[in-house]
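> The structure under discussion is supplied below as structure tokens; questions concerning it will follow.
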Amino acid sequence: MLSWKRPLIPSSLLRRIPMHILWNGYLDISNSSLKSHIESEIQSLNQKIKHLANNGFFDKALHLYQHLRVSDTKPDRFTFTYVLKSCVGISTMAGGTSIHSHIIKCGFEHNLFVMNSVVEMYSRFGFLASARQVFNEMPQRSLVSWNLMISGYGTNGYPEAALELCSSMKHHGMALDKVGLKIVLPICGHVKAFKLGKSIHAHVVLLGLSRDTAISTAVLDMYAKCGELDIAEQIFDEILNKDVVSWNAMITGYSQIGKPKLVLELFNGMLSEGCKPSIPTMLLSLQACTHLSFLHMGKTVHGFIIRLGFSSDVSIKGLLIDMYSKCGELGSACCVFSEISEGNVSSWSCMINGLGMHGYGKEALMAFFGMLKRGIVPDDICFLLLLASCSHCCLITEGRKMFYYMVTQFGVRLNMEHYASMVDLIGRAGCIEEALGFIHEMPMEPDCSVVGAFLGACRIHGHLEMGKVFEECLVGSGWTIAGFYKLLLSIYAGKDRWDEVMKIRSVMEEKKVKGISGCSLIELNR
């Protein structure tokens with residue numbers, strides 16, 4: 001008797017065989033063995049897709065997923081997670097929506113694990129309405145679901161919506177976990193939601209997370225951004241194992257409230273405790289040195305930058321140029337600039353500003369055109385610094401041309417600072433009437449910077465009549481900025497108009513304007 005033997009079928013063909021053939025008597029494959037084989041195949045594919053997605057081969061992961069779809073093999077929940085991640089990786093929103101449709105067709109629209117991935121995908125692309133719709137339609141939500149949606153609002157510039165959702169989370173019986181705390185606390189700091197941040201801090205204490213360095217750092221950063229530096233300092237002192245993030249959070253807090261000396265004290269304390277600084281530490285320390293004109297300390301920070309291997313960072317290079325320029329060492333600034341291989345608009349702007357403030361206006365213009373030759377497009381700040389350089393060096397013709405090019409050739413959107421720079425440029429050159437005409441032609445009402453520039457020009461050139469015109473504007477405006485009144489006092493005192501001086505002083509007393517004494521700061525050689 002002849003016995004019929006089952007043929008060997010490659011796995012690649014097995015998936016293409018219609019199911020009714022598999023069930024007939026010709027192929028001796030049981031239901032359990034077929035199911036086991038399919039599960040094994042899917043698991044193998046998932047491992048390959050996961051490996052490709054996790055290693056950045058997003059195109060290949062999606063290509064493999066397309067093969068899976070053509071083979072009519074039904075993917076599982078892990079498949080969708082990795083292919084959605086791949087869509088985000090190569091920024092294909094159309095691919096993401098297509099996979100979302102496939103998820104629904106495969107019956108995974110109620111799977112918590114898969115729908116969390118869909119919410120994350122839409123949030124990463126900035127499609128928050130779609131992400132929120134998926135979130136609202138989920139039959140059940142986990143802490144991950146809430147964290148993803150809150151993070152989506154926060155990272156896409158909707159902090160208020162994120163905090164509102166955080167409050168709604170409580171009504172659904174959900175509480176923030178460690179991941180959620182790290183998401184919500186920075187948002188509270190960003191919008192200065194001090195009361196909510198304080199209540200979240202209480203929640204941290206109740207959870208027993210006060211000794212967690214990352215959580216404590218997030219809490220102190222929130223207080224620092226809310227301007228509560230005393231509380232931030234207390235939390236900082238209580239952190240046992242301070243890392244570079246903790247130190248940077250406290251340093252940033254001092255920097256934001258204008259305490260450069262405390263920034264440098266913390267920087268020294270950080271070094272003494274053996275904590276290695278990061279690039280943000282160096283940037284903040286250099287800014288503090290620049291603000292205080294501490295050249296010696298600036299050179300020390302520069303030495304640490306070299307030793308730590310941060311010299312190639314373009315942002316650090318730009319701040320070094322700025323620091324050396326403002327501390328009077330233009331030669332050192334030029335040396336740092338010459339070491340930059342490519343550079344960006346920021347580093348070029350710093351060099352232009354440095355040249356201009358030291359009286360090298362023409363060299364600043366040459367640097368500007370050199371930047372254009374290298375294909376670097378100037379921005380509004382670059383033009384602002386260029387106009388300031390022209391103003392310092394009395395290059396009125398060149399300044400007018402730069403202002404014209406800025407609008408016509410580069411389409412820079414003008415702001416009040418640009419108009420103030422032009423008023424300063426024209427006024428310093430002695431063209432007071434032209435400066436007044438320029439102000440009248442402005443498409444917006446002049447603010448304090450424009451008025452200050454004009455009054456400064458009147459003081460330099462002793463133009464009493466024009467100063468009188470703006471005195472009426474100043475007194476009637478309700479402005480209480482002491483510097484403006486000091487400029488008026490200088491103008492009238494220079495012309496021996498003491499009656500007008502006494503009149504302005506009485507106005508200052510009436511408006512309770514208190515002048516701040518001027519001071520100069522120099523660093524002695526050590």
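The values are calculated or read from the model by the stated rules, or taken from the named source; none is laboratory data. Since the structure is predicted, the reported quantities are computational estimates derived from the model, not experimental observations. So basically every Cβ, Gly included, is an ideal-geometry build from the backbone, and we count neighbours across all protein chains shown.
> Please determine whether any residue of the range 130-138 is modelled with pLDDT under 90 and under 33 Å from the mean Cα position of the chain (by Cα).
No, the conditions are met nowhere in the range 130-138.
> Let me ask you something else. Might you check whether a residue that is in contact (Cβ under 8 Å) with a residue 24 or more places away in the chain, of a type in the set (Phe, Trp, Tyr), over 25 Å from GLY253 (Cβ atoms) and in a helix (DSSP H, G or I) occurs anywhere in the range 132-151?
yes
> Still on this structure, I have one more. Looking only at the range 69-104, count every residue that is modelled with pLDDT under 85 and outside any helix (DSSP H, G or I) and tell me the total. Outline the logic, then answer.
Restricting attention to the range 69-104, the residues satisfying the condition of being modelled with pLDDT under 85 are 69-79.
Next, from what is left, pick out any that are outside any helix (DSSP H, G or I): 71-76.
The qualifying residues number 6.
> When only residues in the range 191-213 that are without any contact (Cβ under 8 Å) to a residue 12 or more places away in the chain and not in a loop (DSSP other than H, G, I, E, B) count, which is nearest to LEU240 (Cα to Cα)?
Once the filter is applied, the top-ranked residue is VAL205.
> Next question, about the same structure. Tell me which residues, restricted to the range 267-316, are surrounded by 20 or more Cβ atoms within 10 Å (Cβ to Cβ), in contact with a Pro (Cβ under 8 Å, 6 or more places away or on another chain) and closer than 13 Å to VAL244 by Cα.
PHE267, MET270
> With the structure loaded, tell me whether HIS190 is modelled with pLDDT under 90 and surrounded by fewer than 21 Cβ atoms within 10 Å (Cβ to Cβ) or whether it fails that test.
Considered against the rule, which asks whether it is modelled with pLDDT under 90 and surrounded by fewer than 21 Cβ atoms within 10 Å (Cβ to Cβ), HIS190 comes out as no.
> Pairs only if they're at least six apart or on different chains, beta carbon under 8 angstrom, first in the range 77-94 and crowded, with 24+ Cβ neighbours inside 10 Å, second outside any helix (DSSP H, G or I) and not small (Gly, Ala, Ser); list them, first residue then second.
Here the result reads PHE80/PHE108, each pair linking the range 77-94 to a residue that is outside any helix (DSSP H, G or I) and not small (Gly, Ala, Ser).
> So, LEU283, is that one of a type in the set (A, V, I, L, M, F, W, C), without any contact (Cβ under 8 Å) to a residue 40 or more places away in the chain, more than 28 Å from LEU148 (Cα to Cα) and touching a Phe, Trp or Tyr at 6+ places or on another chain (Cβ under 6 Å) or not?
No, not satisfied.
> Could you check the range 362-400 and list, in sequence order, the residues that are surrounded by 13 or more Cβ atoms within 10 Å (Cβ to Cβ) and of a type in the set (D, E, K, R)?
LYS362, GLU363, ASP379, ASP380, GLU398, ARG400
> Starting from the range 426-451, keep only residues that are touching a residue at least 40 places away in the same chain (Cβ under 8 Å), then list their pairs with residues that are buried (at least 20 other Cβ atoms within 10 Å of the Cβ) and part of a loop (DSSP other than H, G, I, E, B) whose Cβ atoms are within a distance under 7 Å, requiring at least 6 positions of separation or different chains.
Close Cβ pairs (under 7 Å, with a partner that is buried (at least 20 other Cβ atoms within 10 Å of the Cβ) and part of a loop (DSSP other than H, G, I, E, B)) do not exist here.
> While we're here: Need pairs with beta-carbon distance below 6 Å; first residue under 23 Å from ILE279 (Cα atoms) and within the range 229-246, second of a type outside the set (A, V, I, L, M, F, W, C) and assigned to a loop (DSSP other than H, G, I, E, B); sequence gap 6+ or separate chains.
Sorted first by the residue in the range 229-246, then by its partner, the pairs are VAL244/SER278.
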